[in-house]
Structures are given as structure tokens and as C-alpha cells.
Amino acid sequence: MSTRPSVQELKEGITGGDRGALSRAITLAESRRHDDQEHAQELIADLLPETGKAIRVGITGVPGAGKSTTIESLGLLLIERGHKVAVLTIDPTSARTGGSILGDKTRMHQLSSHEDAFIRPSPSGGVLGGVARKTREAMLLCEAAGFDVIIVESVGVGQSEAELAEMVDCLMLLLVPGAGDELQGIKRGIMELSDVIVVNKADGDRVPLAKRARGDYRHALRMLPPSTPGWETPVQIASAAEGTGLTEIWDAVEAHRALLEESGQLEERRRRQTERWLDSMIEEAVLDAVHSRPGVDEAIAGARADVDAEKITVPQATQRVIEAAGLSKEHES
Ligand SMILES: Nc1nc2c(ncn2[C@@H]2O[C@H](COP(=O)(O)OP(=O)(O)OP(=O)(O)O)[C@@H](O)[C@H]2O)c(=O)[nH]1
Ligand SMILES: [Mg+2]
């Protein structure tokens, strides 16, 4: 192993556009080691003034909807227009199984070999919330490295869309036209969060199906509150494979961005996101600290057993755990 570069060296490397330094910094931020974390946090704090300037886009959709293919095509288009594009993936399935990282790299083949693009799969292992936190840190590091478009890909499975919406400026939902009831599998909550909706795979004999789906989704949206005040979520058809509809997708992202900026909502949205990030980290840290106190986990197991046996109530059991943790309120009447 080579010796670890100093915070200063990493900082200079990142702001100088050295991708190796950016990669190493993200690895440091992903590390569970205490000293690595200290270094990573010092580095990110140093770099904070260089962050926040990118346009942050999240792409979600069911497995196989074409997220990676869309990012590949869109990314190349954006690079052609002079942007620098970083792609981060949150993959809750890989968090569970050690999953599809290789797959993603190969699916974004052209983009991953481009000098103006940077692709980073999510670390395997850990819970969704943890993976999402690392993604936020990676996003800040990419911004400091001069990437002005950050695209975060996340498979849509339940909680993950909300998590994704919490870290981007614009959430794009990718759908595929299928037979049967278009709206069946897709939850209203996700549509409500989406700033841009794309019906992908509108090619070959699927074009009429895609157009019908577009109509259905437009109709369904009319009954939902807007994702962003003053914004009407557009529904578009595209084919990531054939490269059609991509210009329109990006036009929509830029129009949404313009609205956020003009109305002051961008700042507000990001501030709210950061506050929630802080809140959730505090909760997590407090919980960790409590669990690490001697006797607490045993008290929880005991409380659970007694609740199961119907010896005590749930509030009583909770109180017992709080006392075991030494956290009972002293001045309660
Ligand atoms: N016909 C057609 N096929 C597409 C299109 N976009 C993606 N595909 C195909 O759909 C499959 C899945 O595409 P991906 O881009 O990997 O989908 P994904 O949403 O990233 O998938 P996961 O990351 O596994 O959730 C691949 O075989 C693609 O070639 C499209 O616009 N048209
Ligand atoms: Mg993918």
C-alpha cells in the first residue's frame, strides 16, 4: 500500500482536476475507519466553498427501465455541449447482494471512458441511508473537482426515491411502456416527487404504447400537487437506445432549474435538504451512541421478551430501556 496523501495534497489534486485524487477522496469518505473519516471530513469541509455550483439530477425507475442507458446518451450529449458530467449510483440491491456494479460500468461504456465524465458506483455493503449519505459526500467532492452536472442513478424500490429526492435539485422518473394498466405498479408518491417524467423505450413497435402511456401519466398528474411550486411536471417520450427525445429531456431539466433559481427555491430546497441530512445524522449518531452503552442491547432484548410474553406494556418496556441507557428524564413530574 502506498502512503496516504495528506488532506492538502488531496485538496490540490481535486481542485486541479486530478481524477485519481477525486477517486481516493471518495474512497476515504466511504471508509468506516475513524481516522479515514476524520481526514475525509476535514477535506470536505475545506472544499465546501467550491461545492454547490452543479446541477444535481436524480434518475430513478424500476430495474431495467433504462436509467444507465439514458445517462450514457444524455451524458455524451451534455459533454458535447461543454459540460463535465459526474455519475453516481445508489444501488440498494448492491448494498444487499454485492450486486451489479460491473454491469453499470459496461452499460455506460462510452461515457466511462470519456475524460469529461466520472462514473462512481455506490459502495457495496451498508444500509440504504448509509449509501445515500456517502453519495452526498461523493457529490460534494465531484462538484469541487469541477463537474457541473451530477447525475445520481437510483433503482426505484420503495424508500429509495424519497431518499434520492432529498439530495438532488431535479428528480427524473423513468418509466417503460408496457401492456396492461400503466399506472398499476407505480406509486402516486413517486409521481408527486418527480420533476420530469420520461416514458423510455419509445422505439420500434412500442411507440404507440409509449404515447398512450404519456397520455395516461399526464392525466394522472393533474390530480396530484406539483413537485415544485409553480412547476407543471412534463411527461415526455424518449428512446435512450436510439437517442431520441434527449434534447427535450434536458430542456425540461433546465427549465425546471430556471424556475428554481428565479423563485429562490433552489437555495431554499438545498438548505432544507442539508438540514434534514443533519437531523438524520444526529439521530443516527445518538442511536449509535445509545446502543454502544453497556447493557443497552441486553435491556432491549429483555424488554422485547417481556412485551412478547405480555408481562409489560410497550411504553413500560421503552421506559426500561431508557433507564438502562441512563437517559431517563430527571425532572419529570
Ligand atoms: N429498446 C430499448 N431498449 C432500451 C432502451 N433503454 C434501455 N434499453 C435496454 O434495457 C435494458 C436495461 O437498460 P439499463 O440502462 O441497464 O436499465 P437500468 O434502469 O439502468 O437498469 P438497472 O440499473 O439494472 O436498474 C438494456 O438491455 C438496455 O439495452 C431504449 O430506449 N429502447
Ligand atoms: Mg443501471
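The values are calculated or read from the model by the stated rules, or taken from the named source; none is laboratory data. The structure presented is a predicted model; accordingly, all values stated were derived computationally and were not measured. Glycine also receives a Cβ, built like all others from the backbone with ideal geometry; neighbour counts cover every protein chain displayed.
Filtering the range 36-54 for residues that are of a type in the set (Asp, Glu) and buried (at least 19 other Cβ atoms within 10 Å of the Cβ) leaves an empty set. Do we have any residue at all in the range 196-204 that's within 16 Å of ligand 2 (Cβ to nearest atom) and not in a loop (DSSP other than H, G, I, E, B)? Checked against the condition, which is being within 16 Å of ligand 2 (Cβ to nearest atom) and not in a loop (DSSP other than H, G, I, E, B), the range 196-204 yields at least one hit. Residues in the range 227-244 that are small (Gly, Ala, Ser) and surrounded by 20 or more Cβ atoms within 10 Å (Cβ to Cβ): 227, 238, 239, 240. From the set of residues in the range 183-202 that are away from ligand 1 (no atom under 16 Å from the Cβ) and not basic (Lys, Arg), which is modelled with the highest pLDDT? Per the stated criteria, the residue is 195.
Note on the range 60-167: enclosed helices (runs of 4 or more DSSP H) holding 2 or more residues that are farther than 28 Å from residue 274 by Cα, at pLDDT below 90 and not aliphatic (A, V, I, L, M) are 101-107, 109-112.
Among the residues of the range 288-297, the one identified as exposed (fewer than 11 other Cβ atoms within 10 Å of the Cβ) and outside any loop (DSSP other than H, G, I, E, B) is 288.
Among the residues of the range 205-215, those that are surrounded by 15 or more Cβ atoms within 10 Å (Cβ to Cβ) and either near ligand 1 (Cβ under 10 Å from one of its atoms) or farther than 21 Å from residue 67 by Cβ (or both) comprise 206, 210. For residue 260, the conditions (1) modelled with pLDDT of 95 or more; (2) assigned to a helix (DSSP H, G or I); (3) over 21 Å from residue 163 (Cα atoms) all hold with the exception of (3).
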